[in-house]
Amino acid sequence: MVVVKFLLMRIFLLVFLLICFSGPSSSQEQRFISGVVKDAVTGQSLPYAQIALINSTLGTVTNEDGVFRLKLPGAEFPVPGNRDSLIISFLGYQTQNIPVSIFDKGILEIYLVPSPLNLMEIEIIALSPQEILRRAFDSIPVNFGTDSVILTAFIRTQKTVNKRLAEYTEAIVQNLKTGYSYYKPRESTARHQNSNIPYLYKGRVTSDTNLVKLLGEVGSSASCLGCNFSVDMAEFPYGTVLGEQDQKFYILKMEELVNPDGGKIYRIMFDQGDDIAKTLYQGEILIDSRDFAIMKVTYKPSFKAFDTYEKKKFNRTWFLDGQTGWIQEMPLGETTITYSKRDNFWSLSTVRQQYWISYYQPQNRQKISYGYKNEVVVTNITRDPDLLRGFKGDKSIGVNQRWDEVVGETDETFWENFNYLPVEEKLREELKGLE
């Protein structure tokens with residue numbers, strides 16, 4: 001886990017720019033392919049479309065401008081007779097297979113044809129939302145695999161204080177998950193203790209900007225890069241709408257949607273039930289009807305929890321700006337988790353979290369707004385026994401077990417060889433203002 005110093009970050013960003021706008025390399029040691037994914041009807045870019053190299057676990061997603069960049073290993077360079085291709089997919093669009101050799105000419109524009117997820121008007125829904133969620137829960141070990149797996153991911157975190165960019169972090173992190181095995185609710189505590197979560201939180205990064213230091217304990221709440229993996233609902237379903245014992249707290253509604261790749265998608269919408277004295281969530285979960293695999297989860301704090309939150313918010317005060325007694329208002333924001341199928345198993349693909357939190361000091365009527373945006377893109381997965389045995393984690397940052405490991409050194413060569421989301425123009429401009 002690394003918080004990149006801003007001077008060094010500017011060097012990285014310069015390298016990124018040079019890479020993004022350069023043509024494809026002819027070197028057999030370093031080969032990149034780049035493209036832009038757009039809507040074939042409107043011409044608009046498709047952010048966070050999924051890119052996967054067929055017959056491999058390599059992949060990435062497009063950035064907010066629809067741009068992607070993927071490094072190919074030497075054995076998969078496009079050569080005469082090579083049949084390797086990319087699978088380009090985006091929910092609501094027809095999936096495309098693009099031969100890798102086409103990218104020899106430079107950055108390719110890829111247009112996906114919309115295939116609306118229409119409500120099935122004729123077919124009667126035979127399964128209840130509760131039954132579909134139960135089947136999705138029971139199918140997790142088969143869909144995601146019970147063996148240990150290492151996920152390699154690009155992680156970016158941005159923090160703002162009073163709407164001003166306060167800190168910027170990028171890292172490549174490897175995370176070891178000990179398999180998606182079935183467990184019972186009473187085993188949840190032991191499951192969490194034996195998972196990555198306790199060690200990920202030990203590896204928090206200390207903020208190095210004055211604006212974030214101003215927020216004290218609040219500023220560190222989003223600085224644990226590896227903690228983004230802990231929102232994986234497939235790994236920890238209890239305490240969520242997937243857990244059968246938790247469904248009684250939610251109102252569930254469902255639609256059957258047409259899956260452009262065949263079959264159907266169950267769209268289950270959930271919200272906290274009325275008169276539930278908890279602070280829960282509202283959102284939706286998409287489940288593939290063919291194998292009951294979780295495809296996408298989106299959730300945010302339910303406004304039905306507002307009254308409950310209001311009653312409890314005075315139970316704890318915060319230390320900010322050298323003062324005690326700050327009160328935290330109800331957080332606003334959203335978390336989106338996507339999953340994709342790679343190498344016969346479903347896997348965590350992306351995590352996006354964006355939240356805004358306001359604090360006020362009743363005595364002097366001061367207000368501070370704090371926001372953070374986390375982006376996680378899993379670019380590779382492996383179940384290789386040798387790599388699993390050699391995975392030790394980075395003990396220098398407090399992670400004393402083999403759970404969370406920063407990959408490579410923070411040098412230009414390492415970053416230019418990795419799959420990453422190109423830094424957006426607006427963000428580059430904001431970073432210049434941090435000098």
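The values are calculated or read from the model by the stated rules, or taken from the named source; none is laboratory data. Keep in mind it's a predicted model, so treat the numbers as computed, not measured. Note that each Cβ is placed from the backbone with ideal geometry, even for glycine, and that neighbours are counted across all protein chains shown.
Here are the numbers:
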| quantity | calculated |
| --- | --- |
| Among the residues listed as K264, K296, K253, the single one being touching a residue at least 60 places away in the same chain (Cβ under 8 Å), of a type in the set (D, E, K, R) and within 30 Å of Y168 (Cβ to Cβ) | K296 |
| Test result for A166, at pLDDT 75 or above, of a type in the set (G, A, S) and within 20 Å of R352 (Cβ to Cβ) | yes |
| Qualifying residue in region 30-51 (condition: modelled with pLDDT under 50, over 18 Å from F154 (Cα atoms) and in a loop (DSSP other than H, G, I, E, B)) | no |
| K300 crowded, with 17+ Cβ neighbours inside 10 Å, among the charged types (D, E, K, R) and in a strand (DSSP E or B) | no |
| Of all residues making up region 273-293, the number that are touching a residue at least 40 places away in the same chain (Cβ under 8 Å) and exposed (fewer than 13 other Cβ atoms within 10 Å of the Cβ) | 0 |
| Residue ID - farthest from L127 (Cα to Cα), chosen from residues in region 314-342 that are exposed (fewer than 14 other Cβ atoms within 10 Å of the Cβ) and without any contact (Cβ under 8 Å) to a residue 40 or more places away in the chain | G322 |
| Test: residue in region 226-241 that is surrounded by fewer than 17 Cβ atoms within 10 Å (Cβ to Cβ) and either modelled with pLDDT of 70 or more or closer than 29 Å to G322 by Cα (or both) | yes |
| Criterion (touching a helix residue (DSSP H, G or I) at 6+ places or on another chain (Cβ under 8 Å) and among the acidic types (D, E)) met by exactly one of E244, E256 | E244 |
| Filter result (assigned to a loop (DSSP other than H, G, I, E, B) and at pLDDT 85 or above) within region 63-89 | G66 |
| Filtered residue count, region 251-300, keeping only those that are in contact with a Leu (Cβ under 7 Å, 6 or more places away or on another chain) and either basic (K, R) or over 30 Å from Q96 (Cβ atoms) (or both) | 5 |
| Number of positions in region 141-182 that are surrounded by fewer than 21 Cβ atoms within 10 Å (Cβ to Cβ), in a strand (DSSP E or B) and among the hydroxyl-bearing types (S, T, Y) | 3 |
| Any hit, region 211-225, residues being surrounded by 16 or more Cβ atoms within 10 Å (Cβ to Cβ), modelled with pLDDT of 90 or more and closer than 28 Å to G371 by Cβ | no |
| Residue in region 333-342 that is over 17 Å from V218 (Cβ atoms), small (G, A, S), in contact with a strand residue (DSSP E or B) (Cβ under 8 Å, 6 or more places away or on another chain) and in a strand (DSSP E or B) present | yes |
| Pair list, Cβ < 8 Å and 6+ apart or interchain, from region 127-148 residues that are over 14 Å from W346 (Cβ atoms) to residues that are of a type in the set (D, E, K, R) and surrounded by fewer than 21 Cβ atoms within 10 Å (Cβ to Cβ) | L127/R135; P129/K253; Q130/E244; L133/E244; R134/E244; S148/R383 |
